[in-house]
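*Asks:* Below is the structure I would like to discuss, written out as structure tokens.
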Amino acid sequence: MRVAMVSEHASPLATLGGADAGGQNVHVAALAAAMGRRDMDVVVHTRRDDPGLPDEVALAPGVTVHHVTAGPPLPAPKDTLLPWMDAFGDVLAEHWTRRRPDVVHTHFWMSAVAALRARRVMPDPPPIVHTFHALGVVKRRYQGEKDTSPPERLALEREIIESVDAIVCTCTDEAFELLRLGARRGQLTVVPCGVDLGLFASHGPREGTVRPRLLSVGRLVERKGVGNAIRALADLPEPELVVAGGPDPAALDADPEVQRLRSVAEAEGVADRVHVRGRVERPQLPALMRSATAVICVPWYEPFGIVPLEAMASGVPVVAAAVGGLIDTVVDGVTGVHVAPRDPDRLAETLRELLGDPARRQAYGRAGEKRARSLYDWERVAGATADVYQGLVRTARRSRPATAPEVPRAARRHVERLRDGLDGLTAHLGHIERWGEWLASALQGGGRLLVTGNGGSAAEAQHLAAELVGRFGRERAPLSALCLHADTSTLTALTADFGADEAFARQVRAQARPGDVLLVLSASGRSPNVLAAARAAREMDVQTWALTGAAPNPLEAACDDAISLSADSATAQELHLVAIHLLCDAVERRDAVPTPEPAPDASVFLPALEAAP
């Protein structure tokens, strides 16, 4: 599946730090990489903010980041980007017309604005899944006049809700907000953010500390509630507060929010216990996280919040504001404590109780790590998101034929049958893997593959033998594979002497040995000559497999094992070609396949050649 993700301001190449870097960057990067691991072809489109950036950058296996030129190629706050979304959308339309994605997943409202513009001008537009990450109506509710969003945001978000095919909400609170804005229930799926469980864990190095340490991690904006955490610290004589996030350490003194937080710390008399670190690279974050006695996350509102998950995965208790996604992730009294937002007195009281109860903190930490690992692994998140993609793609496939009446109906039916057949073949991937394991072991043990078929299947049998004797995808030693003859001279000779039905069976009796495998290809599963070959192989105690069409059929019953694909003869043969390629790949990935011997030095043969008459 080809997936286009659009993240107009949050590049997956960015890490924590900068004015607009944060959870969305992490979310898009991790989700795209997880989709790549599921064999999807993912392109993430993000705005170019540096003229030196290449057009495309590989992010992970199967994932490419595409830098879109829209507006000046310079850093800019996200709330100033709307005027350039038309240009962004035009680039998307051109890109997607050349190589149509199966599904588009937009992140943040302006990404959807650009994608919807692209879709309006495309002849065959793909379905769009949208994740808001934050809703303008919620931001306006809590920030009021301090909200710097463009005035058009609220109306455009309603248009997005009406226009996109599906919405992935990151928490139940967001789903309720969207229903109030007019979203359809069937349009919504709640899929949380995930956490990198390979990076965040309770075991591993940790920073040394002298005092009990409270930790706040995230972007330095007022709504994150760090000022409230500093005010709570004034009622707690023991701990220090470490604040990670914001600009690079060298730029802290010039940052307005850092200046404000330092002023709050001075006014509360805790400046000596508040340490603003600035940007912390993600590889260094786990050791800092594990050094914390507790992680504080008390924003005014929060669409999801990845930091509490990272703390829980690190075995650290969390004190979280009871808002947005934090209500879903942090279980009050189990993995941490909920407090009201913007209430430093209650926060101080909660922290005092928690700091004085080591057993409770330890229990919260254990429960938090268990919850993070069981529910918020990125592979699980990607699977739930992929289910949304698959549903939209199936719906789009059913509706697409009506959009191009110039294509003959028979051609459309053929392609649809092939698509349906490929879906059916997917159910047999594990079966093919088992064949690959068996066959690799047989070949390593001195056996060989005999393969046969008639008609179009004869050509595929020859192809399979050639791929194994030669190579399919990687360098290796040749593997022993023999296609039973279907050429004119052999068949006419055998047919004249033994009858057409025995043409392949005679070759099996001549060539097969114990330890060999016979693979028979037949779209119908009823041809007498391949049935006779299968029976001859079983009489010689040779492992016998069949790739056939719709079951039940006589060939399936005549073999030790079979993969039967419900399809007409033409489609079955096409699917068989895919299946034998999958089999070749499965064989080559097995450790049992021998690696090639180094080529001998040609000079060792020269004396013998010179001595020859």
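The values are calculated or read from the model by the stated rules, or taken from the named source; none is laboratory data. From a predicted model like this one, the values you see are computed outputs, not experimental measurements. Every residue, glycine as well, gets a Cβ built from its backbone with ideal geometry; the counts of neighbours run over all protein chains shown. Please note that ligands, DNA and RNA were not included when accessible areas were found on the heavy atoms of the full protein model with its side chains. Shrake-Rupley method; radii C 1.70, N 1.55, O 1.52, S 1.80 Å.
*Asks:* Dipole magnitude of the chain about its Cα centre, charges +1 at Lys/Arg Cβ and -1 at Asp/Glu Cβ only, in debye to the nearest 20?
*Replies:* Result for the chain is approximately 1040 debye, rounded to the nearest 20.
*Asks:* Let me ask something else about it. When you count, for each residue, the other Cβ atoms within 10 Å and take the mean per peptide, how do 64-77, 509-522, 39-52, 542-555 rank with the highest first? Could the numbers behind the result be given before it?
*Replies:* Values: 64-77: 16.6, 509-522: 20.5, 39-52: 18.7, 542-555: 22.1.
Order by mean packing, descending: 542-555, 509-522, 39-52, 64-77.
*Asks:* Separate question: Based on the mean of other Cβ atoms within 10 Å per residue, sort peptides 229-235, 103-109 so the most packed one is first.
*Replies:* 103-109, 229-235
*Asks:* May I ask for the angle, rounded to the nearest 10°, between helix 378-399 and the longest principal axis of the chain, with both axes built from Cα atoms and the value confined to 0 to 90°?
*Replies:* So the inclination is approximately 60 degrees.
*Asks:* Could you state the accessible area per residue of the stretch 1-101 in Å², with a 1.4 Å probe and every protein chain left in place?
*Replies:* 40 Å²
*Asks:* Please report, as a whole percent, how much of the solvent-accessible surface of the stretch 10-139 comes from carbon and sulfur atoms (probe radius 1.4 Å).
*Replies:* 57 percent
*Asks:* Taking the full set of protein chains and a 1.4 angstrom probe, give the accessible area of Trp84 in square angstrom, rounded to the nearest 10.
*Replies:* Near enough 70 Å² of accessible area.
*Asks:* Right, something else. What whole number of Å gives the distance from the Cα centroid of the stretch 287-320 to the Cα centroid of the stretch 523-545?
*Replies:* Rounded to whole Å, the Cα centres lie 63 Å apart.
*Asks:* Consider the candidate values (i) 105, 59, 54; (ii) 88, 77, 51; (iii) 80, 55, 55; state which one is Cα extents along the principal axes in Å computed from the structure displayed.
*Replies:* So the structure-derived entry is (i).
*Asks:* Oh, and also: For helix 153-163, report the angle its Cα long axis makes with the longest principal axis of the Cα atoms of the chain; keep it between 0 and 90° and round to the nearest 10°.
*Replies:* Once rounded, one gets 30 degrees.
*Asks:* Let me ask something additional. Explain nothing, just the number: relative contact order of the chain, from Cα pairs under 8 Å at least 6 residues apart, as a whole percent.
*Replies:* 10 percent
*Asks:* Can you give me the accessible area per residue for the stretch 349-465, using a 1.4 Å probe, in Å²?
*Replies:* It amounts to 53 Å² per residue over the stretch 349-465.
*Asks:* Can you put Tyr376, Tyr142 in order of accessible area, largest first, using a 1.4 Å probe?
*Replies:* Tyr142, Tyr376
*Asks:* Can I ask one more? What residues qualify as long-range amide H neighbours of Ala321, i.e. H under 5 Å apart, gap of 5 or more or another chain, H built at 1.01 Å from N?
*Replies:* HN-HN under 5 Å from Ala321: Cys297, Val298, Val339.
*Asks:* Using unit Cβ charges (K, R positive; D, E negative) and no other charged atoms, how large, in debye to the nearest 20, is the dipole of the stretch 240-376 about its Cα centre?
*Replies:* Taking the Cα centre of the stretch 240-376 as origin, the dipole is about 540 debye.
*Asks:* Report the equivalent ellipsoid semi-axes for the stretch 328-429 in whole Å, largest first, defined as the square roots of five times the eigenvalues of the gyration tensor built from alpha carbon atoms. All intermediate terms of the calculation are to be shown ahead of the outcome.
*Replies:* Details: eigenvalues 597, 61, 6 Å².
Output for the stretch 328-429: semi-axes of 55, 18, 6 Å.
*Asks:* Arrange the residues His9, His576 by how much accessible surface each exposes, largest first, with a 1.4 angstrom probe.
*Replies:* Ranked list, largest accessible area first: His9, His576.
*Asks:* Net charge within 10 Å of Trp84 by Cβ-Cβ distance, Lys/Arg positive one each and Asp/Glu negative one each, not counting Trp84 itself?
*Replies:* -1
*Asks:* To continue, here is another question. Can you tell me the orientation of helix 409-426 relative to the chain, as the angle in degrees between its alpha-carbon axis and the longest Cα principal axis, to the nearest 10?
*Replies:* Taking Cα atoms only, the helix is inclined about 80 degrees.
*Asks:* From Cα pairs below 8 angstrom and at least 6 apart in sequence, can you work out the relative contact order of the stretch 230-274, rounded to a whole percent?
*Replies:* Details: 31 pairs, mean separation 25.1, N = 45.
Result for the stretch 230-274 is 56 percent.
*Asks:* Note down the accessible area of Glu238, probe 1.4 Å, to the nearest 10 Å².
*Replies:* 110 Å²
*Asks:* Enter the accessible area of Lys224 (Å², nearest 10), with the probe set to 1.4 Å and all protein chains included.
*Replies:* Using a 1.4 Å probe on the heavy atoms, I get roughly 50 Å².
*Asks:* When the helix-only estimate is applied to the chain (DSSP H runs of n ≥ 4, each -39,500 (n - 2.57), divided by the residue count), what is the mean residue ellipticity at 222 nm, nearest 500 deg cm²/dmol?
*Replies:* Working: 23 runs with 271 residues, N = 613.
It lands at -13500 deg cm²/dmol.
*Asks:* Could you give the size of the charge dipole of the stretch 370-470 about its Cα centre, using +1 on the Cβ of each K and R and -1 on the Cβ of each D and E, expressed in debye and rounded to the nearest 20?
*Replies:* 500 debye
*Asks:* List the relative contact order of the stretch 208-328 as a percent without decimals, with contacts defined as Cα pairs under 8 Å and 6+ residues apart. Walk me through the numbers before you get to the answer.
*Replies:* Values: 203 pairs, mean separation 35.9, N = 121.
About 30 percent, as a whole number.
*Asks:* Separate question: Efficiency by 1/(1 + (r/R0)^6): what FRET value for Ala384 and Phe176, r their Cβ-Cβ distance, R0 = 22 Å, to the nearest 0.05?
*Replies:* Efficiency, rounded to the nearest 0.05: 0.70.
*Asks:* Kindly rank 277-284, 462-469, 250-257 from highest to lowest mean number of other beta carbons found within 10 Å of each residue.
*Replies:* For the peptides 277-284, 462-469, 250-257, the packing ranking is 462-469, 277-284, 250-257.
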